[in-house]
Amino acid sequence: MGIFEQAALGGVADRVFDGAALALADSGGLVGGGAGGLVGASAGVVLLMGLVAYGVMTSRRLDGSSLFNRLFVIVATSSAFFSGVSSAIGFGLITSQETADFFRNAVLPPAFGVFVFALAVTIWVGGAEFVRNRDWFRTIGKGIVADIAFFLERALKLFIIVPAFAVILFFVSTWTTVVGIGGVDAVRHTYSYELRRLQAECAGVTAHRQKDFLFLQDLSLSVADVARVARNEAERGTQSGASGQGAIADYFLGVSQWLAGLERSVAEVIEAPHPAGADPYSSNICTDTADRINEKLASNAYANYDLWAREIESDYNDFITVLNRWRRDRRIERLMEQQIDAFDRANPKPFGASRAQLRIIEGYSDQVESALNSLLRSQKLAKPPPPIPSAAELSPARGLAIFTEFMTPDALIIPETDENVSRTARIVYEEETIEPLSSISPRDAVLKNANIFSDIWALAVAWDYASYILMLAYLFFPSAERAAGRKD
């Protein structure tokens, strides 16, 4: 039995296997561990790795192996252990449920981590033994022909067969390792953009709603002007030339009182609780909402990822619904339209007035209606800003479609919109809408942001495939596996 076969099947791998299983089981797959056990868990991992290193360096089963050989076993087993832990975390993020499913949330992740550990040790430690031994050309005697044949056999194993095993390891270990290490951070990266979009949308909508106060101020000035004209007519007869009460003065006074009532109605619309359930005129509504969502975004997602993601999405989309209701709030505009249409009915021409008085009254009513229509027109022109594209609109691909998006960069280019197209009321209030949260899973997030999380990918690849680079030494330097004095 060879050195690597003894290491793979003997006590060293068994002790590491058992230690990894125990560590993953005790921590619940490291998916739901609390911060209280951080120091103990770190100390346990360091102690476990120390015992592994000590066991490998002093094992009698590795008698005659070189220092390089022993360190290779340490590298392969320790990298397999850390890949198993991170893969367990990634597997938990992919398969966890919000409900208390014991087997799905507490058993499967650590079991998968143990599986990844065993698979990595089999491929690298067992693979080194597989590369080391001759399977073909055993009957060929010593000589240059045997050496060339053995070199070609090792090359075939190292460059064809072992990489085929490594492809399996990539899909099983590297992928879940990346998700485990960077998945939540990649989701936070996407949601951080969405949170900035929410703040910008809220700022735009609340600024639009602040224009209601400007409208009320303009209306108040118009009411004051009409009241002054009515008072001057009653006191000095500025319109009719005859002071005192009369048909003209009574009409002017009635219009003034009607406008004052309209002003109170508009003020009540602004001051009353908004039907959306939140005050669009509050100065802190945007920052308070963003801070609350950001606090949840920064909280521990590993305790229960599905619950964490659902709470963020629920809070976000609830506020998006509020923003859309604020954005489409046209109560003041509808009120003005109704009151202007009812102006003549609410302010009837006095019966029995002379033709000259009616001419003055009709001219004045036309001026008041024109001023109100001007105010209404300015209210209609004050439209909310166009919605900001969401992350899903900028890059809608999910799952396998992400690879297609990578291969066709043109898909990332947003079609240019014609800025000359008029934003009519139908487009603004019926077609335009603020999009909800662009929800994304950890596995999609690390793919879509692979350029940002490239260090995570490099780390996962290094953990899983550093052993392969070391195995190449057994191809070009066969003596590296034996201690001095025992080399061929």
remark   = Per the list (1) crowded, with 19+ Cβ neighbours inside 10 Å; (2) of a type in the set (A, V, I, L, M); (3) over 30 Å from Leu475 (Cα atoms), residue check on Val172 breaks on (3)
remark   = Of Ala272, Ala278, the only residue that is of a type outside the set (S, T, N, Q) and in contact with a helix residue (DSSP H, G or I) (Cβ under 8 Å, 6 or more places away or on another chain) is Ala278
task = Select, from Arg345, Arg398, the only residue that is among the charged types (D, E, K, R), at negative phi, open to solvent by 30 Å² or more (accessible area, probe 1.4 Å) and not in a helix (DSSP H, G or I).
result = Arg398
inquiry  = Being more than 30 Å from Leu447 (Cβ to Cβ), in a helix (DSSP H, G or I) and free of Cβ contacts under 8 Å to residues at least 12 places away in the same chain is true for just one of Leu375, Leu358. Which residue is that?
reply    = Leu358
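Let's see how each residue does on (1) among the hydrophobic types (A, V, I, L, M, F, W, C); (2) open to solvent by less than 60 Å² (accessible area, probe 1.4 Å); (3) over 36 Å from the mean Cα position of the chain (by Cα):
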residue	(1), (2), (3)
Asp318	no, no, no
Thr321	no, no, no
Arg334	no, no, yes
Ile340	yes, yes, yes
Pro350	no, yes, yes
Gln367	no, no, yes
Ser370	no, no, yes
Lys380	no, no, no
task = Can you tell me which residue among Gly44, Gly40, Gly29, Gly113 is modelled with pLDDT of 75 or more, out of contact with any Phe, Trp or Tyr (no Cβ under 6 Å at 6 or more places or on another chain) and part of a helix (DSSP H, G or I)?
result = Gly113
note = Being open to solvent by 40 Å² or more (accessible area, probe 1.4 Å) and at pLDDT below 80 narrows Ser439, Ser422 down to just Ser422
request  = Please work out if Ser192 is within 30 Å of Pro350 (Cβ to Cβ), touching a residue at least 40 places away in the same chain (Cβ under 8 Å), surrounded by fewer than 16 Cβ atoms within 10 Å (Cβ to Cβ) and polar (S, T, N, Q).
outcome  = no
request  = Taking the residues in the stretch 82-118 that are within 33 Å of the chain's Cα centre (by Cα) and under 30 Å from Glu153 (Cα atoms) as candidates, determine which candidate is most open to solvent (accessible area, probe 1.4 Å).
outcome  = Phe115
inquiry  = Looking at the stretch 290-316 only, could you name the residues that are surrounded by fewer than 14 Cβ atoms within 10 Å (Cβ to Cβ) and not small (Gly, Ala, Ser)?
reply    = Asp291, Arg292, Glu295, Asn300, Arg310
task = Tally the residues that are over 15 Å from Pro385 (Cβ atoms) and in contact with a Leu (Cβ under 8 Å, 6 or more places away or on another chain), restricting the search to the stretch 188-218.
result = 7
ask   = If you take the residues in the stretch 463-488 that are small (Gly, Ala, Ser) and at pLDDT 85 or above, which one is most open to solvent (accessible area, probe 1.4 Å)?
value = Ala466
note = Selection from the stretch 123-143 of residues under 13 Å from Ser78 (Cα atoms) and open to solvent by 50 Å² or more (accessible area, probe 1.4 Å) yields none
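The values are calculated or read from the model by the stated rules, or taken from the named source; none is laboratory data. Computed from a predicted model, the values in this text were never measured in an experiment. Reconstructed Cβ throughout: ideal geometry from the backbone, glycine too, with neighbour counts over all protein chains shown. Side chains are part of the model used for accessible areas, which takes the heavy atoms of the whole protein and leaves out ligands, DNA and RNA. Shrake-Rupley method; radii C 1.70, N 1.55, O 1.52, S 1.80 Å.
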